[in-house]
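Below: one structure, written as structure tokens.
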Amino acid sequence: MSSGFILLLMGFLFLAFGYLGVPVAFSLIAGVLVATALTPISFPSMIAQLFNGVDSEALLAVPFFLLVGELMTSANVVGRMINLSQAMIGHLRGGLAQVVTLFSMFFSGISGSSSADVAVLTRTLAPSMGREGYDAGFIAALIASASTMANLIPPSIMAVVYGATGNVSIAGLFLGGIVPGVLVGIGLMIYSYFFGPVGHMTPRSSFMGLFNAAKDAALPLVIPVIIMGGILTGWFTPTEAGLVAVVYILVVAIPCLNWRHVSELPFDFIKTGLLYSIPLITVAAASAFGWMLAYLRGPDQVSEWITHAAGTDPRTIMFLLVAAFVIIGDFVDAIPAIIIFMPIINKLTDIGGINPVHMGVVIITTLAFGLITPPYGLALLMAAKFVDVRFSVALVRSLPLYVVFFAAIAFCIFFPDVVLWIPKHVLPESVGCFKSPAGTGYICPT
Amino acid sequence: MNWRSRLVIDAQHHLKWRALDGLEALTMVVCGICLIGFSTSVFFDVLTRTIGSPWLWLQEVTSTFFVYGIFIGAAAATRRNDHLYLSAITETMHGMARRLVETFNRGVVLAVGFCMTYFGYINFLQGFGNFRMPSMTPLASYYAVIPISGALIMLFTVEQLWNGWRNGFESAKAEPERVLSYE
């Protein structure tokens, strides 16, 4: 049987099972097992492949970042960050819509999870927005769109998985993600300012009001400093930075801000213990799927098609990959998509001579956009459900916001120097620079 | 809220045997213990490296807790219906069509659980001949979790199939809104 046929069968079975309602992880494993039966590979070695997918030190960061988000949310200390956002920009046109976006940027620096962001915003700001007359469709669309920044602004769980599976610097991806993250944030604020509902604008906060709000939010806002500061100074790996942030929350933030929550901590650990297993069993399954894809020479075939159409021009390759991932992201969850298609991404990165961090940032931004596109726009689905509005209504209100994402993705493709500017200057090794033998500065690949 | 009600999810109770509630609670507690376990071992790993006398075996402890947490969590998520899904098409179906599709879906999960149990057990047996460095612990201790997870997944799937055919897969009352996700 030809490898092309087995590849198609494996992909078809995964999608067919998945869309019939079999959990993603089991759909992937079932597709792989059927393919295994048609190849000389032994079943025990394929089952052992599930281990190899998760036996990675870098992936340990995922539960720590999830735990940070869970502890901050369940201990209810994020209200202080909302107050700070309100004091900073609540007086602008759009009022709470602006606050949602700014708060998401702050919270993205803590959790790395869009779901946590959606859960917090729909619980805290959505009811106030409803009372101030914002329509429910807009509330859900804005919250879902803003929550995607959690996957762009560091720490990002997608960046951890991308870095761990693609052998790309996670710190480089974190730093590179800042540009599209801030672009999306600014884009959403501009949209809310000019085209969104006027909302209720609070009086401009006094300097003392702003100072007090900043003082109240200081303890939670130390977390992004710990995470990025630790990684950039070389003190911690991303995994260790996540752990240090957890220790900081347990020892400092919760006792100081909500000490009564201490008795609830065992449940937070239990819930996060379950929560981290869900993406990571999918990672395990997707890595077996990706392994089989590589065995059947799938990356060679797909990269041949793409290079046939695009040659070796990096921009055309990236545009074709983005188009492919916009479609893939509509149907497949981001984490398995990254792992399954990583061999293809790596191959095309080599062919186009593209910086791996640049490619990673573009792919992650595209997959983050997939969180608000139908039919599998997870963030939009969650936001619509929590705000209690029909998905179709939220979808229509989110369509104009797609422009912000298209602009951010196009910007990242056309201006790699801007995307890589921060990593190149803060952590040159992360983008392939090396110390000059003359001892003055770094030599970077062009 | 007592411990039990916080560890055992109430949703889709018509698909569950009460006798297995304790097992669900146990898997949840194991998930929490694994998270605490590898958090602690990473902490001591960093600490002992910082003070210049690293305990190398801590990395084995970390990866063991980590992997056990993932696979036991996958089993717990099967009973709690917390896995990631591409679609919820079955929830729009009724009657025999739903019964057949739900049965087919769980048949797929059952087959995967069986493969994890059987082939995972073969790996487990072979793991006695290979050792993890530096502690020289047999790899079998690491591989054991896949057949355990597979067996639990099979058990929870059979439970849902049995009760689904007896009580119907559709819930008699509206399920509480609940989304567990990570992205």
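The values are calculated or read from the model by the stated rules, or taken from the named source; none is laboratory data. All values reported here derive from a predicted model rather than from experimental measurement. So basically every Cβ, Gly included, is an ideal-geometry build from the backbone, and we count neighbours across all protein chains shown.
Against the conditions (1) in contact with a Gly (Cβ under 9 Å, 6 or more places away or on another chain); (2) within 30 Å of A:PHE14 (Cα to Cα), A:PHE406 satisfies every one except (1).
Residues in the stretch A:47-80 that are closer than 30 Å to A:TRP291 by Cβ, among the charged types (D, E, K, R) and either more than 10 Å from every other protein chain (Cβ to nearest Cβ) or not in a loop (DSSP other than H, G, I, E, B) (or both): there are none. Within the stretch B:38-57, the set of residues being in contact with a helix residue (DSSP H, G or I) (Cβ under 8 Å, 6 or more places away or on another chain) and farther than 15 Å from A:THR239 by Cα comprises B:THR48, B:PRO54, B:TRP55.
Looking only at the stretch A:412-446, count how many residues are of a type in the set (Ser, Thr, Tyr) and closer than 21 Å to A:MET228 by Cβ. It would help to see each step written out before you state the result.
Going residue by residue through the stretch A:412-446, those that are of a type in the set (Ser, Thr, Tyr) are A:430, A:436, A:440, A:442, A:446.
Pick out the ones that are also closer than 21 Å to A:MET228 by Cβ and you get A:430, A:442.
Of the residues in the stretch A:412-446, 2 are of a type in the set (Ser, Thr, Tyr) and closer than 21 Å to A:MET228 by Cβ.
When the stretch A:91-116 is filtered for residues that are farther than 22 Å from A:LEU152 by Cα and surrounded by fewer than 24 Cβ atoms within 10 Å (Cβ to Cβ), the ones remaining, listed by number, are A:HIS91, A:LEU92, A:ARG93.
Taking the options B:THR64, B:THR103, name whichever one is surrounded by fewer than 17 Cβ atoms within 10 Å (Cβ to Cβ), of a type outside the set (Phe, Trp, Tyr) and more than 8 Å from every other protein chain (Cβ to nearest Cβ).
Numbers: B:THR64 fails: surrounded by fewer than 17 Cβ atoms within 10 Å (Cβ to Cβ).
Unique residue meeting the criteria: B:THR103.
The set of residues from the stretch A:293-306 being surrounded by fewer than 24 Cβ atoms within 10 Å (Cβ to Cβ) and either under 17 Å from A:SER27 (Cβ atoms) or polar (S, T, N, Q) (or both) comprises A:GLN301, A:SER303.
Looking only at residues in the stretch A:220-271 that are without any contact (Cβ under 8 Å) to a residue 12 or more places away in the chain and among the aliphatic types (A, V, I, L, M), the one that is surrounded by the fewest Cβ atoms within 10 Å (Cβ to Cβ) is A:VAL251. Selection within the stretch B:72-100: residues that are out of contact with any helix residue (DSSP H, G or I) (no Cβ under 9 Å at 6 or more places or on another chain) and assigned to a loop (DSSP other than H, G, I, E, B). The member of this set that is surrounded by the most Cβ atoms within 10 Å (Cβ to Cβ) is B:HIS94.
Among the conditions (1) more than 30 Å from B:GLU24 (Cα to Cα); (2) free of Cβ contacts under 8 Å to residues at least 24 places away in the same chain, B:LEU56 misses just one, which is (2). For residues in the stretch B:9-45 being farther than 18 Å from B:GLY73 by Cα, in contact with a Ser or Thr (Cβ under 8 Å, 6 or more places away or on another chain) and not in a loop (DSSP other than H, G, I, E, B), which is nearest to the other protein chains (Cβ to nearest Cβ)? So, considering only residues that are farther than 18 Å from B:GLY73 by Cα, in contact with a Ser or Thr (Cβ under 8 Å, 6 or more places away or on another chain) and not in a loop (DSSP other than H, G, I, E, B), the one nearest to the other protein chains (Cβ to nearest Cβ) is B:VAL42. Could you say whether any residue in the stretch A:30-41 is at pLDDT 90 or above, surrounded by 23 or more Cβ atoms within 10 Å (Cβ to Cβ) and either over 30 Å from the mean Cα position of the chain (by Cα) or not in a helix (DSSP H, G or I) (or both)? Yes.
Does the stretch B:62-81 contain at least one residue that is modelled with pLDDT under 90 and not hydroxyl-bearing (Ser, Thr, Tyr)? Yes: the stretch B:62-81 contains one or more residues that are modelled with pLDDT under 90 and not hydroxyl-bearing (Ser, Thr, Tyr). The numbered conditions (1) in a helix (DSSP H, G or I); (2) at pLDDT 90 or above are all true for A:VAL22 except (1).
Checking the structure you have, find out if any residue of the stretch A:6-19 is more than 7 Å from every other protein chain (Cβ to nearest Cβ), among the β-branched types (Val, Ile, Thr), touching a residue at least 40 places away in the same chain (Cβ under 8 Å) and crowded, with 24+ Cβ neighbours inside 10 Å. There is no residue in the stretch A:6-19 that is more than 7 Å from every other protein chain (Cβ to nearest Cβ), among the β-branched types (Val, Ile, Thr), touching a residue at least 40 places away in the same chain (Cβ under 8 Å) and crowded, with 24+ Cβ neighbours inside 10 Å.
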